[in-house]
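The values are calculated or read from the model by the stated rules, or taken from the named source; none is laboratory data. Bear in mind that the values here come from a model prediction, so they are computed numbers and not experimental data. Reconstructed Cβ throughout: ideal geometry from the backbone, glycine too, with neighbour counts over all protein chains shown. To get the accessible areas, we keep the full protein, side chains included, count just its heavy atoms, and leave off ligands, DNA and RNA. Shrake-Rupley method; radii C 1.70, N 1.55, O 1.52, S 1.80 Å.
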Amino acid sequence: MQVAIVLFAVFTATMANGAVFATLGLFGRELGLGEFEVGTIFASSGVLFFLTASSWGRLSDRFGRAAVMAAGLVATALSLALFAAFYAALLPYAFLGLLAARIVYGLFAGGIQPAAIAWMVEATPRERRQAGIGLIGAAVSVGSVLGPAFVAMLANRGLAWPVAAAAMLAALAALTMVGVREGPRAAATAQAEAAPVDGLAAYALLAFVMVLGFGALQATTAFYVQDRFGLETEAAIRATGFASAAFAAGAFLIQAFGVRALAPDTRDMMALGFILCLAGIAGALVARGPNVLIVAFTVLGIGYGLAQAGLMTDAARLGGERRQGLVAGRLHAAMAAGWIAGALSGTSLYGLSMRAPLLIAGVALALCALRTALPRVRTPSAPPT
């Protein structure tokens, strides 16, 4: 039951974020906000995730995972409620208000996933750890798909309705965290909290490069679909939606079922994952129609799901019994930085070539595959106590 509560929290936070992504652009256009202003609102949370995720991870080590997740969910609910209020009021000068609402989310919600991953690592036996971390990724994938779908179901009532409903769901998820019981955790000494985690920097760099590639793709996929296949706007949106859903579905299926059934070595998971990602990118580069692109994105999603689960599980070795939150927080911060760098590089270079973001992703993931093929970063040693 507690596993279900934690997964529901992660799913709800991801779905709520997807509701904002699906509505903010349309609302901004309705109010006359420029692309830079809308982009600034979106980017603010990524920057804050990068700055705060490590701190939230450390706080979850000290005060507990449930408290950090509950705080993030409360902030998510408040942020969404503010978005819904601005949507309903149709204020002509809403930029600063929307930015403030997004900042509330960015300041607190960055701890949800690191705390959930740390809880799952501690709550599952070592031999099932890969499957447990995979379930967190699966919850994220489902939330990413259902967030926009949730908006589509309620959008006929106005943009405020789906966002307000997502706010209530986030508040409900925060309440359910009361039911999460954590085992006794030895308090980390000041020496242990201050000491660096040997080998973590290499994993953080790998996470940064991996997500940089996907960030370059995510920000430009709609442009590529329209320009590559010469589609009208409506058809391009539909094809992009199918491709994004195929990616999320591939990641969900492999993380929810494949990892549990196969239980591969973490290094094998990463290596196979990056190889599949490269195959997916190659398919996207040569695709002659949207259907082939959708298949390529499915392969890409499967690869990403394997690589992410393998990376998080392998890095969890470094946290010992007292600093799983710190490890997960540092990796989450690296991923946030990678997404920002990828989105900026992809959109900046797209004007030079529509294939540039795919090539960026290909180079980034090839580097990840090469690094995974090398010997382990270090031999695990007991963390300081």
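State which helices in the chain qualify, where a helix is a whole DSSP H run, it must extend 27 Å or more along its own axis by its Cα atoms, and its mean Kyte-Doolittle hydropathy must be at least 1.6.
Working: long enough: 2-31 (43 Å, 1.40); 35-63 (41 Å, 0.51); 65-89 (36 Å, 1.73); 129-154 (37 Å, 1.45); 233-253 (30 Å, 1.04); 266-286 (30 Å, 1.66); 290-316 (38 Å, 1.26); 324-350 (38 Å, 0.77).
Passing helices, by number: 65-89, 266-286.
In whole angstrom, and with the biggest value first, how far do the Cα coordinates of the chain range along each principal axis?
That works out to 58, 46, 33 Å along the principal axes.
So how many Å³ per residue does the convex hull of the Cα atoms of the range 36-103 work out to? Working shown, then result.
Values: hull volume 4.6 nm³, N = 68.
Roughly 68 Å³ of hull volume per residue.
Please check the chain for the longest run free of GluC sites (Glu not before Pro) that are loop-located per DSSP (anything but H, G, I, E, B) and have at most 15 other Cβ atoms within 10 Å. Walk me through the numbers on the way to the answer.
Values: sites that count: E182, E232, E321.
Segment 1-181 is the longest.
Say each of R62 and A261 gets a label point 7 Å from the Cα, pointing the same way as Cα to Cβ; how far apart are those two points in nm?
Computed distance between label sites R62 and A261 equals 4.5 nm.
Report I117's accessible area, 1.4 Å probe, all protein chains in place, as a number in Å² to the nearest 10.
Roughly 20 Å² of I117 is accessible to a 1.4 Å probe.
Ignoring ligands, DNA and RNA, how do M354, M153, M210 rank by accessible area with a 1.4 Å probe, largest first? The partial results should precede the final answer.
Values: M354 60, M153 135, M210 0 Å².
Ranked list, largest accessible area first: M153, M354, M210.
What number does the range 187-331 give for Rg over Rh if you use C-alpha atoms and the Kirkwood radius?
Working: Rg = 18.1 Å, Rh = 16.6 Å.
Result: Rg/Rh = 1.09.
How much net charge surrounds G134 when only the other residues with a Cβ under 12 Å from the Cβ of G134 are counted, with Lys and Arg +1 and Asp and Glu -1?
On the way: positive: R128, R129, R260; negative: none.
Net charge in that neighbourhood comes out at +3.
Counting each DSSP H run of 4 or more residues in the chain as -39500 (n - 2.57), what helix-only mean residue ellipticity at 222 nm follows after dividing by all residues, to the nearest 500 deg cm²/dmol? If you can, show how the numbers build up before the last one.
Working: 16 runs with 304 residues, N = 385.
Calculated from helices alone, the mean residue ellipticity at 222 nm is -27000 deg cm²/dmol.
Over the chain, what is the relative contact order in percent, taking alpha-carbon pairs closer than 8 angstrom and at least six residues apart?
On the way: 683 pairs, mean separation 103.3, N = 385.
Once normalised by length, the contact order is 27 percent.
Only loop residues by DSSP count here, and only those with at most 12 other Cβ atoms within 10 Å; note down the trypsin sites (Lys or Arg not before Pro) in the range 218-309 that meet that.
Values: sites: R228, R238, R260, R267, R288; in loops: R288.
Here the trypsin sites (Lys or Arg not before Pro) that fit, given the DSSP loop and packing criteria, are R288.
Based on Cα positions only, what radius of gyration and what Dmax would you give for the range 257-330, in angstroms?
15.2, 51
R0 = 30 Å: FRET efficiency of A152 with D227, Cβ-based, nearest 0.05?
Working: r = 25 Å, r/R0 = 0.82.
Efficiency at R0 = 30 Å is approximately 0.75.
Give the shape of the range 57-169 as rounded, prolate or oblate, defined through the alpha-carbon gyration tensor: a ≥ b ≥ c are the square roots of its eigenvalues, a/c under 1.5 means rounded, and otherwise the shape is prolate if a/b is larger than b/c and oblate if not. Mind showing how you got there, number by number?
Working: a/c = 3.54, a/b = 1.76, b/c = 2.01.
Judged from the Cα gyration tensor, the range 57-169 comes out oblate (a/c at least 1.5, b/c at or above a/b).
Each label point is 7 Å from the Cα along the Cα-to-Cβ direction; what then is the distance between the points at L374 and V178, in nm?
5.1
Determine, from the Cβ-Cβ distance of E30 and L253 and an R0 of 56 Å, the FRET efficiency 1/(1 + (r/R0)^6), rounded to the nearest 0.05.
Details: r = 37 Å, r/R0 = 0.65.
Efficiency computed from Cβ-Cβ geometry: 0.95.
What are the trypsin sites (Lys or Arg not before Pro) within the range 115-179 that DSSP puts in a loop, where the Cβ has at most 12 other Cβ atoms within 10 Å?
Details: sites: R126, R128, R129, R157; in loops: none.
Here no loop site has a sparse enough neighbourhood.
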